[in-house]
Amino acid sequence: MSSVTVSVPAKVNLQLAVGGVRPDGFHELVSVFHAVSLYDEVTVTPADRLSLACEGEGIDEVPLDHSNLAARAAILLADRLGREPNVRIHIRKGIPVAGGMAGGSADAAATLLACDTLWRGDTPREMLRRLGAELGSDVPFSDLGGTAIGTGRGERLASVPTTARFHWVFALADGGLSTPAVYGECDRLREVAGEAVGRPAPREELIAALRAGDAYALGANLVNDLQPAALSLRPALAATLTAGMAAGAVGSLVSGSGPTCAFLAPDRETAHVVAERLTGSGTCRAARVAFGAVPGARVLPRRVVPVERENTV
Ligand code: C5P
């Protein structure tokens, strides 16, 4: 096999309920993950040694060493399969880098699946997800896709089957936000406020809205406990959220740890209007339209190079 390409979606958290800090330093979470149609593509090709290449917007912020989750995924799987991780990993970024949309986790999930296919590891998907959880809390969801409730540190998943298609707009910001820094700011703000931290639980109205395919009810119930922290570190995001709602969105929130802002539109046409107005508002770098839920990581059929002229001599 010469190479394998995997396509993997971004995620937005429809609800991110952050509980207390656990003994391992992670926060107890309830996360309603939703996979949306912004994709990274990861191609792995046999090589003499492990290498990484990256293409797309914002790639200056992607580390090209052993700290990259995709490299760590190849090393982890190779170790489990008792082989060397000798592949060239090529990442084509379509997911905003350090944007709170699980781009790094998506690349790790894609690399696990691509390498397992290339190396004919036949590792069950459930096992790939368990390996993914060792790399990051969001990696198992990037593999699963759809809509799912994550508990624990976000890695224990239960799918929420939905038939409706929801239309989204994502306002991209300049530069990323560090996830540990946002969680740290969340703890600091809670301490300053003397806030009691309850046990996180899924919001029933939100799950009902998802099942009913009701964009208005879903928009009214979007909630992210990390949002005050992201706004504290990046106050300019408040203007982005206001601009998107004024443009016709029915709900808004900071995506994960930010700084990407997510807007739910009532339909596809309105999503395009919201994106256009956001772009014109000067409150974001760019806006992208997407829909959800979409499936998780999947191997793409091999590209057939079109032959224009051919001759056997
Ligand atoms: O698991 P992942 O590597 O994506 O987490 C990145 C960082 O986000 C962690 O190092 C931690 O600071 C924070 N985090 C957390 N609680 C979670 C998930 C992530 O505190 N449940």
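Since every read-out is calculated from the coordinates, none of them should be taken as a lab result. Worth saying up front: this structure is predicted, and the values here are computed from it rather than measured. Glycine gets a Cβ as well: all are built from the backbone with ideal geometry, and neighbour counts include every protein chain shown.
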Residue order, fewest to most beta carbons within 10 Å, for Ile75, Ile59, Ile89
Ile59, Ile75, Ile89
Using the scaling law 2.2 N^0.38 Å as the reference, what is the normalised Cα Rg of segment 47-89?
1.21
For the chain, what mean projected area does the convex hull of the alpha carbons give, in nm²?
18.6
Give me the percent relative contact order of the chain, please, defined on Cα pairs under 8 angstrom at least 6 residues apart.
25
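Suppose a student asked you for the relative contact order of segment 21-118, using Cα pairs under 8 Å spaced at least 6 residues apart; what percent would you report?
38
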Helix-only mean residue ellipticity at 222 nm for the chain, each DSSP H run of n ≥ 4 adding -39500 (n - 2.57), per residue, nearest 500:
-10500 deg cm²/dmol
If neighbour count is taken as other Cβ atoms inside 10 Å, put Leu128, Leu81 in order from fewest to most.
Leu81, Leu128
Per residue and in Å³, how big is the convex hull formed by the alpha-carbon atoms of segment 40-125?
83
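I need the shape label for segment 141-180. Rule: rounded when a/c is under 1.5, else prolate if a/b > b/c, else oblate, with a, b, c from the alpha carbon gyration tensor.
Oblate.
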D (Stokes-Einstein, µm²/s), Kirkwood Cα radius, segment 195-261, 1.002 mPa s at 20 °C
164
Taking only the alpha carbons of segment 167-207, the radius of gyration and the largest Cα-Cα distance, Dmax, both in angstrom, are 14.8, 38
Figure the gain on full extension for Glu84 and His272 (residue separation times 0.36 nm, minus the Cα-Cα span) and round it to one decimal in nm.
63.0 nm
Scaled by the rule-of-thumb 2.2 N^0.38 Å, the alpha carbon Rg for segment 82-145 gives a ratio of 1.11
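Please work out whether segment 109-208 counts as rounded, prolate or oblate from its C-alpha gyration tensor, where a ≥ b ≥ c are the square roots of the eigenvalues and a/c under 1.5 means rounded, while otherwise a/b larger than b/c means prolate and anything else oblate?
It comes out prolate by the Cα gyration axes.
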Descending semi-axes in whole angstrom, ellipsoid equivalent of segment 1-149, from the Cα gyration tensor:
25, 17, 14
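Tell me the net charge near Arg22. Cut-off is 10 Å between Cβ atoms, Arg22 excluded, with +1 for each Lys or Arg and -1 for each Asp or Glu.
With Lys, Arg at +1 and Asp, Glu at -1, the net is -1.
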Using alpha carbons only, how many angstrom separate the centre of segment 166-219 from the centre of segment 51-77?
27
Rounded to the nearest 20 Debye, what is the dipole magnitude of the chain about its Cα centre when Lys and Arg each give +1 and Asp and Glu each give -1 at the C-beta?
440
Percent of Cα-Cα pairs per 10 Å bin, from 0 to the last occupied bin, for segment 10-66, please list those.
17, 27, 31, 23, 3
What are the equivalent ellipsoid semi-axes of segment 179-313, built from the alpha-carbon gyration tensor (square roots of five times its eigenvalues), in whole angstrom, biggest first?
36, 20, 19
With a ≥ b ≥ c taken as the square roots of the eigenvalues of the C-alpha gyration tensor of segment 187-231, please select rounded if a/c is under 1.5 and otherwise prolate if a/b is larger than b/c or oblate if it is not?
prolate
Between 0 and 90°, nearest 10: helix 125-135 axis offset from the chain longest Cα axis
70
DSSP beta bridges in segment 8-158: the antiparallel percent, rounded to 5, is 80
